[in-house]
Amino acid sequence: MKVASLTQGRDGRLVVVSDDLQSYRPASDPTLQAALDFDRLSGTGMAQALDLNKCTAPLPRAYQFLDGSAYVNHVELVRRARGAEMPGSFWTDPLMYQGLSSFAGPHDPIRGEVAWGIDFEAEVAVITGDVPPGVTATEAPGYIRYVMLLNDVSLRNLIPAELGKGFGFVHSKPISACSPVAVSPDALPGWDGRKLNGVLHVDLNGAAFGRADAGVDMTFDFGDLIAHAAKTRALPAGTVVGSGTISNKDKGGPGWPVSEGGRGYSCIAEQRMIETIQSGKGKTPFLQDGDHVEIWMEDAKGASIFGKISQKVEVT
């Protein structure tokens, strides 16, 4: 099943979307949170034409947002670029932070100051039902209700000072945006039960920036991430768990731009890390006023699965 929330009030109006994203029917529950609370959902009434531009995030207000760093290649590059050794535990114990639990729509602007180092992070995220505490990584995927795409906006120049405090992100992690459509695992091409296989397309100002495969180099799958999050507490229905920046290794090096035949990058910071490793300095600028970021995924026939995150930068 594919679902979306049309822009209406604070929590949107839930609709059931056709597989081709061309039409919708009103949902039996008014919001996705209500459907998750009762663990039910169906479409009712006549089909109507769907305009994805009128969609907000599928779950505009979640009970919590937990973002992992499942692609350890990304973490390794970060530390390598600054000459820091990576602890061995990073390969066995997932990194995770608790972020802002409200979400922007897929076409909302990215706002910030250029001096903050505005960056995008293309991710896959899941929405859970009620997850019991102590769930195992094997059991955890059974509590995934929907999968969607996510742009976890980061303000890179604010991160070092916050990490230096030893108490997590606040200023450096503003509101993230979601794809217009979320898809249940049983209706999702490329879903293998624990992760999503498929190329995540990222374009910056109309040029291919990232073509990483979400199913490749994922050190911790969603079973691992959910089990980690639920180790000491239950997760309420409506919890969003993100994968972190999707990152692939390329043959012959840590990664190459799409323009040079590589898989590219799912954030600007990763390209800058590789530039730093290769030449001693990051050259690619972070996002500027008017820049346009697009994130989407296609099925085997080239059709969009989740719709497109399409955001422009508005400098404040």
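The values are calculated or read from the model by the stated rules, or taken from the named source; none is laboratory data. For clarity, every value in this text was computed on a predicted model and none was experimentally measured. Virtual Cβ from ideal backbone geometry, glycine too; neighbours counted across all protein chains shown. Calculation scope for accessible area: heavy atoms of the full protein, side chains included, ligands and nucleic acids excluded. Shrake-Rupley method; radii C 1.70, N 1.55, O 1.52, S 1.80 Å.
Overall, the accessible surface of the range 116-254 at a probe of 1.4 angstrom is composed of carbon and sulfur to the extent of 56 percent.
Taking the average, over residues, of other Cβ atoms within 10 Å as the packing measure, peptides 144-157, 34-47, 92-105 rank 144-157, 92-105, 34-47 from highest down. Is the range 90-231 rounded, prolate or oblate when judged by the Cα gyration tensor, a ≥ b ≥ c being the square roots of its eigenvalues, rounded requiring a/c under 1.5 and prolate requiring a/b larger than b/c? It comes out oblate by the Cα gyration axes. Dividing the mean sequence gap of close Cα pairs (under 8 Å, 6+ apart) by how many residues the chain holds gives a relative contact order of 23 percent. Under 5 Å between amide hydrogens, built in the peptide plane, is the criterion, and for ALA237 it picks out ASP130, VAL131 among residues at least 5 positions away or on other chains. Projected label points at LYS54 and GLU275, each 7 Å from Cα along the beta carbon direction, are separated by 4.2 nanometres.
Between VAL78, VAL15, VAL241, the Gaussian network model of the chain with springs among Cα atoms under 10 angstrom shows the greatest mean-square fluctuation at VAL78. For the listed peptides 202-209, 2-9, a ranking on the average number of other beta carbons within 10 Å per residue, highest first, reads 2-9, 202-209. Amide H contacts of ALA212: LEU200, each under 5 Å away and 5 or more positions distant or on a separate chain (H built 1.01 Å from N in the peptide plane; Pro and chain starts excluded).
What the Cβ-Cβ distance of SER259 and ARG40 gives, at R0 = 35 Å and to the nearest 0.05, is a FRET efficiency of 0.15.
Couplings for the range 19-29, taken from phi via the Karplus curve 6.51 cos²θ - 1.76 cosθ + 1.60 with θ = phi - 60°, read 4, 8, 6, 9, 8, 8, 10, x, 8, 5, 10 Hz in order; Gly and Pro are left as x.
Between ALA57 and GLY105, the built amide H atoms are under 5 Å apart, and every one of these is 5 or more places off in sequence or on another chain. Taken one residue at a time, the phi angles of the range 208-223 give Karplus couplings (6.51, -1.76, 1.60, θ = phi - 60°) of 4, 10, x, 9, 6, 8, 5, x, 9, 6, 8, 5, 10, 7, 5, x Hz. Gly and Pro are set to x. Computed 3J(HN,Hα) for the range 68-74, one whole-Hz value per residue from the Karplus formula 6.51 cos²θ - 1.76 cosθ + 1.60 where θ = phi - 60°, is x, 9, 6, 9, 5, 3, 5, glycine and proline marked x.
Within the chain, what's the longest run with no GluC sites (Glu not before Pro) in a DSSP loop and at most 14 other beta-carbon atoms within 10 Å? Give the range, please.
That gives 114-316 as the longest site-free run.
Rolling a 1.4 angstrom probe over the protein heavy atoms with all chains in place gives the chain an accessible area of 43 Å² per residue. Summing charges over neighbours of PRO257, with a neighbour being any other residue whose Cβ is under 11 Å away from its Cβ, gives -2 when K and R count +1 and D and E count -1.
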